[in-house]
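S.K.: Here it is, the structure, as structure tokens.
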Amino acid sequence: MATDGIVHLEGITKIYDLGDVQVEALRDVSFSVAEGEFLSIMGASGSGKSTLMNILGCLDTPTRGRYYLQGFDVSGLSRDELADIRKHKIGFVFQGFNLLPRMTALENVQLPMLYNGVPPSLREGKAMEALEMVGLGDRAHHQPQQLSGGQQQRVAIARALVNDASIILADEPTGNLDSRTGRDIMGLFTELNEKLGRTIIQVTHEAEMAAYGKRTITFRDGMILKDERTGGT
């Protein structure tokens, strides 16, 4: 079936069964994301944005509806199949950085390639390229505790880039950073989007950070409240 965009959602509904109570976290959500787009997803706690991010990242499946990634329906895949999609098509950036503390920046960036079976002879060079891309080539041999919060997030972004993922999913990527460092990180995302054409989808509750995207979808009570072009900062 032909679909529009690198991401295409049709009638996505997610219901959690909590014993006597059923919680409808997402209600009939439909939208597309074009290749090379920078999309921000906003909403208060409990609005459904985290559930949506889990589905987009192939960490969860919808109760109803279809999710097409690069035109392929991934909504009914098994756990192993979803894991394979995550390894090859999606790069994740988290609020808490999720770096391994005893590994250097270079070793942390190499991890996705290790899991993907990339030969050792290629891993270090590709990881160094990714670190240089985010301005941290000179910190390659530093461990996370030797880096600032902003530098740690740059390492995490390099790790998300290293497997040439189709989409970068960023979950509150500036949530643990001060406002100035947060703006630096959003500037980096803008550069990756505009100069390298990377598709970026970020979840944030901060309007200032959402404004760096060229489009913002706002959620309330599991539904799309607004979908508007913002033009980027």
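Quick note: the coordinates plus some simple rules give every number you see, no bench work behind them. The structure presented is a predicted model; accordingly, all values stated were derived computationally and were not measured. So basically every Cβ, Gly included, is an ideal-geometry build from the backbone, and we count neighbours across all protein chains shown.
S.K.: Please give the net charge around Asp4, taking every other residue with its beta carbon less than 12 angstrom from that of Asp4, where Lys and Arg add +1 and Asp and Glu add -1. Mind dumping the intermediate values first?
M.R.: Numbers: positive: none; negative: Glu10, Glu35, Glu37.
Once all neighbours under 12 Å are counted, the net charge is -3.
S.K.: Which residues make up the longest stretch of the chain clear of GluC sites (Glu not before Pro) that lie in a DSSP loop with no more than 16 other Cβ atoms within 10 Å, not counting the sites? Kindly include the intermediate steps, with their values, before the conclusion.
M.R.: Numbers: sites that count: Glu35, Glu206.
Here the longest run is 36-205.
S.K.: Give, as a single signed number, the net charge of other residues whose beta carbon lies under 14 Å from the beta carbon of Asn193, with Lys and Arg counted +1 and Asp and Glu -1. All intermediate terms of the calculation are to be shown ahead of the outcome.
M.R.: On the way: positive: Lys195, Arg198, Lys214, Arg215; negative: Glu35, Glu37, Glu191, Glu194.
Net charge in that neighbourhood comes out at 0.
S.K.: Name the shape class, rounded, prolate or oblate, that the alpha-carbon gyration tensor gives for the chain, where a ≥ b ≥ c are the square roots of its eigenvalues, rounded holds for a/c under 1.5, and otherwise prolate holds if a/b is larger than b/c and oblate otherwise.
M.R.: Details: a/c = 1.74, a/b = 1.44, b/c = 1.21.
Prolate shape, in that a/c is at least 1.5 and a/b is the bigger ratio.
S.K.: Any chance you could count the Lys pairs in the chain whose alpha carbons are under 30 Å apart, treating pairs 8 or more apart or on different chains as valid?
M.R.: Lysine pair count for the chain: 22.
S.K.: What's the angle, to the nearest 10 degrees (0 to 90), between helix 149-161's Cα axis and the longest principal axis of the chain?
M.R.: For 149-161 against the chain, the angle is about 70 degrees.
S.K.: Here is a follow-up. Report the net charge of residues surrounding Gln151, where surrounding means a beta-carbon distance below 12 angstrom and charges are Lys +1, Arg +1, Asp -1, Glu -1. Please list the in-between numbers first.
M.R.: Numbers: positive: Arg139, Arg154; negative: Asp138, Asp184.
That works out to 0.
S.K.: Neighbouring Cβ atoms within 10 Å as the yardstick, rank Ile185, Ile157, Ile90 fewest first.
M.R.: Numbers: Ile185 23, Ile157 26, Ile90 20.
Ranked by crowding around the Cβ, least crowded first: Ile90, Ile185, Ile157.
S.K.: Which chymotrypsin sites (Phe, Trp or Tyr not before Pro) does region 16-77 hold that lie in a coil by DSSP with at most 13 other beta carbons within 10 Å? Could you put the intermediate results ahead of the total?
M.R.: Working: sites: Tyr16, Phe31, Phe38, Tyr67, Tyr68, Phe72; in loops: none.
Here no loop site has a sparse enough neighbourhood.
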